[in-house]
Every structure is written in C-alpha cells, then in structure tokens.
There are 2 protein chains.
Amino acid sequence: MDRAPARPRRRADAERSIERIVSAARERLSRDPDATVDDIAKAAGVGRMTVYGHFRTRPELVEAALAGALRAGEETLGGVDLGGDARDALTRLLASSWALVAESAALLTAAQDVLAPGRIRDLHGDAADRVENLVRRGQRQGVFRTDLPVAWLVSSMQYILHGAAEEIRAGRLANADATRIVTATVLSILRR
Amino acid sequence: MDRAPARPRRRADAERSIERIVSAARERLSRDPDATVDDIAKAAGVGRMTVYGHFRTRPELVEAALAGALRAGEETLGGVDLGGDARDALTRLLASSWALVAESAALLTAAQDVLAPGRIRDLHGDAADRVENLVRRGQRQGVFRTDLPVAWLVSSMQYILHGAAEEIRAGRLANADATRIVTATVLSILRR
DNA sequence: GTTATGTCGTACACGGGTGTACGAGTTAAT
DNA sequence: ATTAACTCGTACACCCGTGTACGACATAAC
C-alpha cells in the first residue's frame, strides 16, 4: 500500500526481491499461519536480513502478504460476470476463484493473530461485501433461502471453502473433484 | 488413559487437582489453541508446578484434555436415539451435542499442533465413525444425497459446526439461534 | 567509474514459554 | 501422630523467534 508511492527511488533488484518475498509469504503463511520470517526468507531464496530491509516487522510483512492476495483476488473477481440468475453467477464465481478465496481465508486467519481487527476489515471489507450483495440479489430473485441470516450464509460459505482447501491439503480430497463438490455444497446451503 | 490404573495409590486432593486441571485445559484450549501451561494452571486455580506434577509435558496435558472431551462426548452421543428417519435422528443428535462437538473440534485443532497424527486418530476415530454410519443409513433410506463422497459430507458438517462455534465466539451469532441455524444448514447440505 | 542502494552473514540483546531442581509448608491416609 | 503424598513458590537453564547493529560485498543507476 505504501510500498508503491512511498519512496519513488528504488532499484530494480529491490523491486524483484520484494515481489519474491511477498509471494513467498503468501504461499507459506497459507500453509502455516505461524511461519517464521526465516522460513519465508528461505522460501523466497533471500536472506532474512533482506526481508527486514523491506519490512520492519513481521506483522508488516503479513499485512503486505494479505494485501497482495486480496489484490489478486479483486482482479479475478472483477473479471467474473455477476449478472443473470444468481445461482449461475455464484457457480461462475466459485469456478473461477474458489481456490484463491480459500487460500486467502487461510492467510486471513494468519493475519488475525498479528494485525489489529480494524486493519483487516479495511483490507478485506469490500471483497466480502461483493459476495454478500450477490446473496441478497439471489434472495430477491427468490432462488436463495431467506430463513437464515445473510451474514451466516456468507460465513458458512467461507467455512466450506476453507474446509475444502484443508481437505485437499490433507490429501483427503482430489483437486479435480473440488470445484464440483464445493459448488454443489454451497448451492445446497443457499437453495431455498 | 494411563492415569486411571497407573498407580492405584493417589490421594483425594490429587484426584481433585487433576480433574480441575483437565477441565481447565479443555476450557482454555478450546478458546486458544496456544494457551500456556501457566494459563491453564491459573484457570484451574493451581500452581504451574502442580500441573507438571501430574503431566510431564504440555503435549501430555493436551492429550488428556482431548481424551476428556471425547469421553464426555461419547456419553452424550451414547444417550441419543439414532433410530428412525435419519433426518430426525441427525436433528436430535445436533440438538443435544452440536456445541460440544464444536468445542471439541477447536480442541482437536489445538491437539493437531502437538500430537502425533496417529495418536489423534486413535482417540477420535469411533466418534467420527458414528456420524458416518448415520449418514450412510440416511443414504440407504433415500433421504440423504449420494452425489458427493461420504467423507466430504461428514467433513463439511464438521466445518459448519466449527464455524458456528467461531461465529458465536466472535459475537456475530446469538447462542439462542445457533441450534436452529446449524441444524438447518447441515440438513441442507445432506438433503437429496 | 563513482556512488548510492541493496544483499546478506554473523553476532547479539531481548522476551516468552518449557521443563527441572530445590525446598518449605500443607494435607490426606493409617 | 507419624508418614507419605501433594502443593507450589522461587530460581534457573534452555530453546526459539524477533528485531537491531555492524560491516563486507555486490550491483544497479547516472
């Protein structure tokens, strides 16, 4: 966030390092929320001191990783057509992005340990809003249930996604089946 | 496990201490998987050294807490009538035990950090089997879906329960509504 | 080619949790 | 009432991750 326009002066190799570090942080923190700064540095093929050269503290690094994942998510979500039948829209949304959302969710729990609650809402807010709006539209169309709180419906989707990612990680679910299974499960929850 | 018949000799106050410690461990670890031995000791109204007097290491304490929770779970689950229509049976099962299962799930993730995988399966195995059998019976009765793997159906139930507990903890879900919401959600997932 | 910037190893101070050692005081068992 | 079991504070050694300091070397920028 402040890394783009903060100091206009930055060398090309520094740019490259930062990108590799943030990318490694996303990858590692998604698998282990307690991943060490040293772990991340190693995964990025970089010395620990280099990391501290760009991120003063570990929380700052975690925040950058979360921001990066959310920005990537925004791009993907932005390209999905959310019009038409809400069920179809949701199916399209899940097909193109469920894995990414699930990964971000894991990273998000990692962030919850070290970042202030308000900070997270700021970064994550509108991503969640988008889904919530889609659910509401489905309700207005009469295809989604209205007997449960919207907040719960959205949350339960999150938990299903998170769970599916976990099952894959543990080898109990094949990656090929995942999209179909996740979609079917989520639609079942929302169905009127 | 080895605490009952290990040394037949144990004083009444020691018995009391152990019970309070295990109980406190269940309570605290369900809220924070990284709870300190000292945290647990304080919650039990006992000195840290007393804890180490009964449990040599922290993992050993975690295991005792998990075992205690599962034993309590077995008692509750054992008292539920699982006959008749599988949907009704599942509703009864959830009504009487969802909170407990959800709590144990949180404790279970705490245990996953410190215990060997095999150790957990040993303790948790038949509790999961019971639910799985109920799901299979529902499929045979034609009231539960068969287009998704049974293992996934059971897992997704777990994740929903876990999520509901989380929502309550965060204050986003009222305890009074929880049973109804959880039941409705789970039945929606299983419905044919 | 000079200079500022970035890389990164070693070393260290610090904090926090774990597990051990000692020992004095307390309480149940008989 | 004597004994063995239990409680529990203080103190300490240990490990591990964080963040800082110093400094040598490499490399991009001009």
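The values are calculated or read from the model by the stated rules, or taken from the named source; none is laboratory data. Here the structure is a predicted model, which means the values were calculated and not measured. Virtual Cβ from ideal backbone geometry, glycine too; neighbours counted across all protein chains shown. All accessible areas refer to the heavy atoms of the entire protein, side chains included, with ligands and DNA or RNA removed. Shrake-Rupley method; radii C 1.70, N 1.55, O 1.52, S 1.80 Å.
Explain nothing, just the number: relative contact order of chain B, from Cα pairs under 8 Å at least 6 residues apart, as a whole percent.
Contact order relative to length: 21 percent.
With θ set to phi - 60°, apply the Karplus curve 6.51 cos²θ - 1.76 cosθ + 1.60 along region A:172-181 and write out the HN-Hα couplings as whole Hz, x wherever there is a Gly or Pro.
Working through the residues one at a time gives 8, 9, 7, 4, 5, 7, 4, 4, 4, 5 Hz.
Round to the nearest 10 and give me the degree value, 0 to 90, for the angle of helix B:58-78's Cα axis relative to the longest principal axis of chain B.
Once rounded, one gets 40 degrees.
Quick one: which residues, 5+ away or cross-chain, put their amide H under 5 Å from the amide H of B:Leu173? H built at 1.01 Å from N.
Here the answer is B:Ile168, since their amide H atoms fall under 5 Å of that of B:Leu173.
Would you mind calculating the gained length between A:Glu27 and A:Glu74 on full extension (0.36 nm times residue separation, minus the Cα-Cα distance), in nm to one decimal?
Additional length available on full extension: 15.1 nm.
Provide the buried accessible surface between chains B and A in square angstrom, both chains summed, 1.4 Å probe, rounded to the nearest 100.
Approximately 1900 Å², summed over both chains.
Quick one: label points 7 angstrom along Cα→Cβ at B:Arg10, distances to the other copies in nm, smallest first?
Here B:Arg10 shows inter-copy label distances of 5.9 nm.
So who's got an amide H within less than 5 Å of the one on B:Phe55, skipping anything under 5 residues away but keeping other chains? H placed 1.01 Å off N, in plane.
none
Within region A:51-88, which trypsin sites (Lys or Arg not before Pro) sit in a loop by DSSP and count at most 12 neighbouring Cβ atoms inside 10 Å?
Hits after loop and neighbour filter: A:Arg56.
Classify chain A as rounded, prolate or oblate, taking a ≥ b ≥ c as the square roots of the eigenvalues of its Cα gyration tensor: rounded when a/c is under 1.5, otherwise prolate if a/b is larger than b/c and oblate if not.
Prolate, since a/c reaches 1.5 and a/b exceeds b/c.
Any idea what the B:Ala116 label distances to the other copies are, label 7 Å down the Cα→Cβ vector, nm, shortest first?
The answer, with the shortest distance listed first, is 4.6 nm.
How long is the gain from A:Leu100 to A:Asp113 if the chain were fully straight, where each residue apart is worth 0.36 nm and the alpha carbon distance is subtracted?
Stretched out fully, the A:Leu100 to A:Asp113 stretch lengthens by 2.6 nm.
If you plug each phi of region A:124-129 into the Karplus form 6.51 cos²θ - 1.76 cosθ + 1.60 with θ = phi - 60°, what whole-Hz ³J(HN,Hα) values come out, in order, with x for Gly and Pro?
Computed from phi, the couplings for region A:124-129 are 9, x, 5, 4, 5, 4 Hz.
Provide the FRET efficiency to the nearest 0.05 for the A:Arg136-B:Arg130 pair, computing r from the beta carbons and using R0 = 56 Å.
The formula returns an efficiency of 0.90 here.
In region A:131-171, which residues give up 20 Å² or more of accessible area once the other protein chains are added, compared with their chain alone (1.4 Å probe)?
A:Arg145, A:Asp147, A:Leu148, A:Pro149, A:Trp152, A:Ser155, A:Tyr159, A:Ile160, A:Gly163, A:Glu167
Long-range amide H contacts for B:Phe144: which residues qualify at under 5 Å (H placed 1.01 Å from N, peptide plane, sequence gap of 5 or more or a different chain)?
Hits under the 5 Å cutoff: B:Gln139.
How much of the accessible area of region A:13-127, probe 1.4 Å, is carbon plus sulfur, in whole percent?
Here it works out to 49 percent.
Once phi is turned into θ = phi - 60°, what whole-Hz ³J(HN,Hα) does the Karplus curve with 6.51, -1.76 and 1.60 give for every residue of region B:36-45, x standing for Gly and Pro?
6, 4, 5, 3, 4, 4, 4, 4, 8, x
To the nearest 10 degrees, how steep is helix B:12-31 against the longest Cα principal axis of chain B, on a 0 to 90 scale?
The helix B:12-31 is inclined about 50 degrees to chain B.
Using Cα centres only, tell me the gap between region B:177-192 and region B:10-85 in whole Å.
Centre-to-centre distance over Cα atoms comes out at 30 Å.
Just the number please: accessible area per residue for region A:1-151, 1.4 Å probe, all protein chains included, in Å².
That works out to 54 Å² for each residue.
Using a label point 7 Å beyond Cα on the Cα-Cβ vector, give me the inter-copy distances for B:Ala128 in nanometres, one decimal, shortest first.
Computed spacing set for this position: 2.9 nm.
Relative to the longest principal axis of chain A, what angle (0 to 90°, nearest 10) does the C-alpha long axis of helix A:150-169 take?
Between the helix axis and the principal axis of chain A, the angle is about 60 degrees.
Roll a 1.4 Å probe over the protein heavy atoms and report the accessible area of A:Arg48 in Å², nearest 10.
Taking all protein chains as shown, A:Arg48 has close to 110 Å².
For a test of the definition: using alpha carbon positions, the gyration tensor, and the 1.5 limit on a/c, classify the protein assembly as shown as rounded, prolate or oblate.
Since a/c reaches 1.5 but b/c is at least a/b, the shape of the protein assembly as shown is classed as oblate.
Could you give the length gained on full extension between B:Ala170 and B:Asp34, defined as 0.36 nm per residue of separation minus the Cα-Cα distance, in nm?
Extra length from B:Ala170 to B:Asp34 when fully extended: 47.2 nm.
Taking a probe of 1.4 angstrom, what is the accessible area of B:Arg20 in Å², to the nearest 10?
Only protein atoms counted, so the area is about 130 Å².
Taking chain A as a Gaussian network, Cα atoms linked when under 10 Å apart, which of A:Ala111, A:Ala151, A:Ala35 shows the biggest mean-square fluctuation?
Taking springs between Cα atoms under 10 Å, the residue moving most is A:Ala151.
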